[in-house]
Amino acid sequence: MSQAAIERISGCPINHTNNASSSTSTTPSSSTIMTTPPPTASTSEMIASSSSTRNARSKSPVSTPLTPISDSEQDPISEHIIHNSAPITRSSCFALPINPQLQSPLLRAPVEIIQKILIVSGGEDVQTIARAAKVCRELRSIIYENPDQALWRQIHLQHYDDPRLAGAFTKARSLGEIDWKRRIQDREFVRRIFHEWSHNKVEQVNQHIGLISSTLMDVYLDLPPTSESYDPSTSSDSLNTEILSNWIRSSLFKHMYESEYFVKPEFGTPTAYKEKLRGNQKRKRRNMIDPIISRLHCLIRSEYNDESSEDREWRGFIRESIYNTRNYHKKNDWGPFKEDGKVDWNLLDAISSAMMLNAQAVIDSEPDAWLPAIQPMLYGVEPTRSLGFNNLTRPANLAEGEIWDWADVEGTWCGCYAFMDYADWVGLNQPLLMARSGTEIDLSTYHEALGDLMKLELKICKDPFALGGRQSTSCPNHEFEESDRHPLPPMKSGLPSSDLLQPIYFHGSSAPYPGDGPDTTQQAPTLPQNAIRGVVRLTADNPPQVKWTLIIRYRGQDRWRLECVQVGGRGSKRGFFGIWSDAARSEHSPCGPAWYWKT
């Protein structure tokens, strides 16, 4: 930048002569040399260069001198940057007396004007704001110490969704509850880690996995709510979805997920080393997996390569989690829950990953077979957005006495279930009951069976067991009675739940999906013996999740019970994943994963 340009910005002439010295030499000393910025300097760099030329010891009683920041003072944005990041160039400053009346007009402007200039000139690149703060303590104070954080709020809203409008929370967050500066600092740090990631930085990244995962979860929870007519393929009202989708799809997130999921094999013994050379050494699964990482992994369809031994090994682990009966018992409602009524994200991640991989395999082999499953799996995290909890006002057009379908239950749903061969399932869970020839089942190469794609027609109804007794007129089109007119058992849950919204009861029918072939004009018949009844309620999580319980009645008997969680919250297009099992909880009865989504 030329001297004239600096003078125009600052309003101060630059004198390269040391007036305090009696020497007539015009050669500046090393302490007075200014590093000239490149000709293409941005406005923010011009501001920084202009301010850096101010005298450090002005004696004017009228104006406050600009006090350069020493190199020892650390910039808050830079606190997170890993040590091998590109260095930030510091501007030198003149130690020359200047006329106090010619102090930079920039710092004589109101704080609001200075913040506006900083936002316009450097808001696109947060590091530019950080560089400006290094110029002097006055700018640093304006940037970092302003209690209302207006500058950081505007930068946040320029790059990310407004957290005050987030749909995930039951209570809107106020302006004062949000630390805008810390959010930007954390997200800028995470952005740079993703941008600069390479496998030779594993140790550095591993030190910050907790911060990275919590920051990604904050970005997800800030998503704005949707509407019932929301279409993930055309949505453009969120800044966070594309950012988050790219981060979770990245090789860095895969490294984070696998490092949380597996323990690296040790090669300290000769036997282990030989196994390594043969390629037979397998990783061990960790007993405790970070639930935040698992929950984030639920937000996208897993990428899977059957040629990769690591991917096959991971798929074997999730199959073991899904089909292991020790994971389901009365204390967790035989589903992906914990005893405190909250979601077991590690188990739900295994279920959702398995079912979406199964669906993708069908689509790859028969492109027209499962067309309804394509949209819930595409578009990154968009299908996991929900109707939210920030507006729970009962619709004004809903007549008194009518049920509010806050979970968007009514309508057509599609879905499927998977299962192991019963002999294999028994061999996995009760090996002593069935002698098996050969070796143990290798779940990494095992292929479970997939049931038919089913179509569900659901309709909401009043609680059939309200007021302590069955309401005979609640569901006239549904089998809530046995043939001898005795009421069917209620769908009780022993888990804690949220009372934020009343449970929604529903009934309906299940039939094979008609498909998209030449017989699309011929609808599959509704089979009375495949009747469905169920209830939707909120879990004890904070924010709450949506729990689905379905009982499928086959040939006059309750046959299967499903306990599921809707990934993304109420009304999400991804649908609900869970576990099917025997409704009567008979001993040695099988179980497996299920997935249903609304069409």
Calc'd 3J(HN,Hα), the range 165-174, phi into Karplus 6.51 cos²θ - 1.76 cosθ + 1.60 (θ = phi - 60°), Hz, glycine/Pro = x, comes to 9, 4, x, 6, 9, 7, 10, 5, 7, 7
Could you do me a favour and compute the accessible area per residue for the range 286-344, 1.4 Å probe, result in Å²? 48 Å²
Report the calculated FRET efficiency for S174 and E339 (r = Cβ-Cβ distance, R0 = 25 Å), to the nearest 0.05. 0.15
Phi-based couplings in Hz for the range 237-254 (Karplus 6.51, -1.76, 1.60; Gly and Pro marked x): 9, 10, 7, 6, 5, 5, 4, 5, 4, 5, 5, 6, 7, 6, 5, 5, 5, 4
Convex hull of the range 316-370 built on C-alpha atoms - directionally averaged projected area, nm²: 4.4 nm²
Taking a ≥ b ≥ c as the square roots of the Cα gyration tensor eigenvalues, with a/c under 1.5 meaning rounded and otherwise prolate when a/b beats b/c, else oblate, which class fits the range 162-231? prolate
Just subtract the alpha-carbon distance of R555 and E124 from 0.36 nm times their residue separation and send over the number in nm, one decimal. 148.8 nm
Quick one: if the Förster radius is 30 Å, what FRET efficiency do R394 and S233 give, using the C-beta to C-beta distance and rounding to 0.05? 0.50
Note on the range 190-246: alpha-carbon gyration tensor, axes a ≥ b ≥ c; rule is a/c under 1.5 for rounded, else prolate if a/b larger than b/c, else oblate; result prolate
At 0.692 mPa s and 37 °C, Stokes diffusion of the range 330-470 via Kirkwood alpha-carbon radius, µm² per second: 168 µm²/s
With a 22 Å threshold on alpha-carbon distance, the violating pairs from K254/K573; K459/K598; K331/K492; K284/K331; K331/K547; K455/K547 are K254/K573; K284/K331
Rounded, prolate or oblate: which one fits the range 293-343, using the alpha carbon gyration tensor with axes a ≥ b ≥ c (rounded when a/c is under 1.5, else prolate when a/b beats b/c, else oblate)? oblate
Within the range 353-433, list the GluC sites (Glu not before Pro) lying in a DSSP loop whose Cβ has at most 12 other Cβ atoms in a 10 Å radius. E400, E402
Could you size up the charge dipole of the range 125-273 around its Cα centre, putting +1 on the beta carbon of Lys and Arg and -1 on that of Asp and Glu, and report it in debye to the nearest 20? 520 debye
Within the P(r) computed for the range 102-216, what percentage of the Cα pairs occupies the region above 19 Å? 54 percent
Counting only residues 5 or more apart in sequence or on a different chain, those whose built amide H sits under 5 Å from that of S509 are E457, I532
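The values are calculated or read from the model by the stated rules, or taken from the named source; none is laboratory data. Worth saying up front: this structure is predicted, and the values here are computed from it rather than measured. All Cβ positions, glycine included, derive from the backbone under ideal geometry; neighbour counts span all protein chains shown. For accessibility, only protein heavy atoms count, side chains too; no ligands or nucleic acids. Shrake-Rupley method; radii C 1.70, N 1.55, O 1.52, S 1.80 Å.
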